[in-house]
Amino acid sequence: MIESFEKPLKIVGVLVVLIVLLFAARMAFDYVYYTLPPEQVKITVRYSPDYKCRLDSPVHMQIKNDSKREIISTSFSLAVKKDKSSENLTQLLAGNFTTDKVIQAGGSYEGCWSYPELKTDKYVPENLLYEIKRKKVVFSDMKYDIDLL
């Protein structure tokens, strides 16, 4: 009687192993396809009226696409802080930035944006820290957006 259950138990065991392997393969695919490419998109922002930007648009932004996929849209929130401080000055300065520039795999895009006027003399734009707090990358082959915090 025990021998009659050995063959079905072996088949069930093999099926369970196959299901686990397929599940692991799907998780690996999702990680490579949905997680890695947005992390490979780097956004840098700095105040540089003397670098490449004019005085009326002194915030220099660069989006570098190190992924193997084409980007069709990028947006991000800019947090501007005092040097060595956790005080967030985003409310004083700006909010969200968006560009619909197509960036090929391995390519980059640079642009200059206007900078809101500061209401006080104690904040010097050159001495502030410019950080990307949240970015959203839309790839050309995606059915939905990916938000990164």
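The values are calculated or read from the model by the stated rules, or taken from the named source; none is laboratory data. These numbers come from a predicted model, not from an experiment. Heads up, the Cβs are rebuilt from the backbone with ideal geometry, glycines too, and the neighbour counts pull from every protein chain shown.
Results, tabulated for the structure shown:
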| item | result |
| --- | --- |
| Pair list, Cβ < 6 Å and 6+ apart or interchain, from the range 96-107 residues that are in contact (Cβ under 8 Å) with a residue 40 or more places away in the chain to residues that are exposed (fewer than 13 other Cβ atoms within 10 Å of the Cβ) | A105/K68 |
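For (1) within 19 Å of D141 (Cβ to Cβ); (2) out of contact with any Lys or Arg (no Cβ under 8 Å at 6 or more places or on another chain); (3) part of a loop (DSSP other than H, G, I, E, B); (4) modelled with pLDDT of 70 or more, each residue gets a yes or a no:
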residue	(1), (2), (3), (4)
P49	no, yes, yes, yes
S57	no, yes, yes, yes
H60	no, no, no, yes
F76	no, no, no, yes
D83	no, yes, yes, no
F97	no, yes, no, yes
K101	yes, yes, yes, yes
